[in-house]
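The structure appears right after this line, and notes come after that.
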Amino acid sequence: MAMSPRKRAQLSRGIQYVVLLVVVVAAVVLSDLGELQKQFFDTDIVTAMFPEVITTALRNTVLYTACGFVFGLALGMVLALMRLSPVGPYRWLATGFIEFFRGLPALVVFIALSVGVPIAFPGREVPGGNLGVATLALGLVGGAYMAETIRAGIQAVPTGQVEAARSLGMPQTRAMRSIVIPQAFRIILPPLTNELILLTKDSSLVYLTGYTLATVELASFGREVLNQEKNFTPLVVISLCYLIITVPLSVVVRRLEARADRAR
Amino acid sequence: MTEPQIKPGAPAIDVNDLHKYFGSHEVLKGIDFHVDNGEVVCVIGPSGSGKSTLLRCVNLLEVPTSGSIFVEGVEITDPDIDVDKIRSRIGMVFQSFNLFPHLSVMGNLTIAQQRVKNRSKSEAAQIARKNLEKVGIPEKEDAYPAHLSGGQQQRVAIARALSMDPDMMLFDEPTSALDPELVGDVLAVMKDLANEGMTMMVVTHEMGFAREVGDKLVFMDDGLILEEGVPSQVLADPQHDRTQAFLSKVL
């Protein structure tokens, strides 16, 4: 058949669009839209969830995640530097810690902190209530992951950078702080964003500690309403809330990356 | 830690019986080497001869296995010495420039001035501008290294080193990574520096520069200094077989 490669590409793309269109139309025509709306988009339930879903649940999810991420980042930084240390015991300690917390399900860490600690130390619990447990658990797990990311980032900075900094008279720690780490963080911005998004979702595990009206976060809030109403609408609402957190985050990071690229 | 005391009148660089091993491989096999104040010494030799390692030993980017190195009369191979103090007096220029890519040209020139010499931001910027002027690219202070040509990057690197007010400059094949048409700009800057009386140790393949600007030429091969002398004489009438062989290939 006499058809130029360009024509063939156009035809193939046209077929793809048609298939997509057919699937969408079939889904709309064949699905029971009335029932779907009743089960998943019940406007009365949506209205009833406001404003608490934002003022309490979303706020708590952001708070728990942010605290956990900041603690995890600091911990990851320390662990990464220990992993790169010439001192053997530091390296072994960091490696052991990383392997341990990276391999554990976050669920287990949350249970250990919320249930295990009071059993191990009668009459005591993790300070700070839900925020304390979330910060510690997300930080320990996230820190173990981020430590490896940060280490890889530091190692990706060419050795010539340290040599140039040291040649100018900078001590090792100054060269690290002013020259290596800023460059490492530009390299690892995308995987760190990934980690932050994962932590946002893992923050729901704090329900294991129990919650009150004031400390409830998105997932538990959704589940409460779901149990009351026997309707899936709350899940749709909280899903959208999670996207409200993560999508703008991705946009901001993409901007940051673009800016870093211009300077590269 | 001992505060290094400069001894006036001492040679800029004095290397005695220097040995350096990488693992079991002996790269420097007993080097005696000497640079006087205000002198320009060029080091030539085939790749793998140890000339870059020798240069890197002078500011302790490589730690010598044995032997001693004195810089302005201070023994830098003394394990108790404050290396950072010594290094801030020795400017270093690399083959691959090693500019800091996350900082603007101005940031590259001021960061060590502020962090190491504790100069104020405005004072550091003033000194940086003076040095950018000197290397011929005053208009690039806001540019980032990635937006500069190789020749411009290397001139920024020279300005960065000069901004620390070094007593001497080390150049590690400063033009080897440059496109041929950009080599001249960098050599011109180096020539100006030499004419101002800067003490310089230059590892190079630029025989023209060595002849024209160098006070002394040192030929190294296989971890040893085989021949040294006035550049024009060494280049025109090499005494050692291996110097002759090397020069016949590069000239």
Legend entry - Scaled radius of gyration (Cα, divided by 2.2 N^0.38 Å) that chain A gives: 1.34
Inset, instruction - Using only Cα atoms, tell me the angle between helix B:121-134 and the longest principal axis of chain B; keep it within 0 to 90° and round to the nearest 10. - result: 50
Inset, instruction - In Å and from the alpha-carbon atoms only, list the Rg and Dmax of the range A:68-157. - result: 14.2, 48
Inset, instruction - With only Lys, Arg, Asp and Glu charged, each at its Cβ (+1 for the first two, -1 for the last two), find how big the charge dipole of chain B is about the Cα centre; round to the nearest 20 debye. - result: 740
Legend entry - Entries in B:LYS29/B:LYS85; B:LYS20/B:LYS191; B:LYS191/B:LYS216; B:LYS117/B:LYS140 that, when Cα-Cα distance is taken, lie over 22 Å: B:LYS29/B:LYS85; B:LYS20/B:LYS191; B:LYS117/B:LYS140
Inset, instruction - Round to a whole angstrom and tell me the spacing of the C-alpha centers of the range B:57-112 and the range B:137-204. - result: 16
Legend entry - Value in Å of the Kirkwood radius, where the range A:1-45 supplies the Cα pairs that are averaged: 13.5
Inset, instruction - Treating the Cα atoms of the range A:50-207 as identical point scatterers in vacuum, please give the log10 of the normalised Debye intensity I(q)/I(0) at q = 0.13, 0.16, 0.19 Å⁻¹, two decimals. - result: -0.68, -0.92, -1.13
Legend entry - Net +/- balance of residues flanking A:SER204 in space, Cβ distance below 12 Å, scoring K and R +1, D and E -1: 0
Legend entry - Kirkwood Rh in Å, taken over the range A:63-121 so that all alpha-carbon pairs contribute: 13.0
Legend entry - Prolate/oblate/rounded label for the range B:1-125 (Cα gyration tensor, a/c 1.5): prolate
Inset, instruction - Work out, in µm²/s and without decimals, the Stokes-Einstein translational diffusion coefficient of the range A:186-264 at 10 °C, 1.306 mPa s, Rh from Kirkwood over C-alpha pairs. - result: 109
Legend entry - Burial ranking of peptide ranges A:140-146, A:36-42, A:2-8 (average Cβ count within 10 Å, highest at the top): A:140-146, A:36-42, A:2-8
Inset, instruction - In nm, give the distance between the simple-model label positions of A:ASP261 and A:VAL70, each being 7 Å from the Cα along the Cα-to-Cβ direction. - result: 3.1
Legend entry - For the range B:44-108, projected area of the alpha-carbon convex hull averaged over all directions, nm²: 6.1
Legend entry - Relative contact order %, chain B, counting alpha carbon pairs below 8 Å whose residues are six or more apart: 26
Legend entry - Cα-derived Rg over Rh, computed across the range B:1-68 with Rh taken as Kirkwood radius: 0.99
Legend entry - the protein assembly as shown: C-alpha gyration tensor shape, a/c 1.5 cut-off, then a/b vs b/c: prolate
Inset, instruction - For chain B, just say rounded, prolate or oblate: build the C-alpha gyration tensor, square-root its eigenvalues into a ≥ b ≥ c, call rounded for a/c under 1.5, and beyond that prolate if a/b exceeds b/c, oblate if not. - result: oblate
Legend entry - Helix B:105-115 vs. chain B, principal-axis angle (Cα, 0 to 90°, nearest 10): 80
Inset, instruction - With a length cut of 24 Å (Cα positions projected on each helix's long axis) and a Kyte-Doolittle mean of at least 1.0, go through chain A and give me the DSSP H helices that pass. - result: A:5-30, A:59-83, A:233-263
Inset, instruction - Excluding residues fewer than 8 places away in the same chain, name every one of the aspartates and glutamates whose C-alpha is closer than 13 Å to that of A:LYS201. - result: A:GLU217
Legend entry - Neighbour net charge for A:ASN130 - beta-carbon separation under 13 angstrom, K R +1, D E -1: -1
Legend entry - Convex hull volume of the range B:138-251 per residue (C-alpha atoms, cubic angstrom): 125
Inset, instruction - Give, as a single signed number, the net charge of other residues whose beta carbon lies under 9 Å from the beta carbon of A:LEU84, with Lys and Arg counted +1 and Asp and Glu -1. - result: +3
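The numbers here are math on the coordinates, done by the rules we state, and not lab data. Please read these numbers as outputs of a predicted model, since none were measured by experiment. Please note: Cβ atoms are built from the backbone with ideal geometry, for glycine as well, and neighbour counts cover all protein chains shown.
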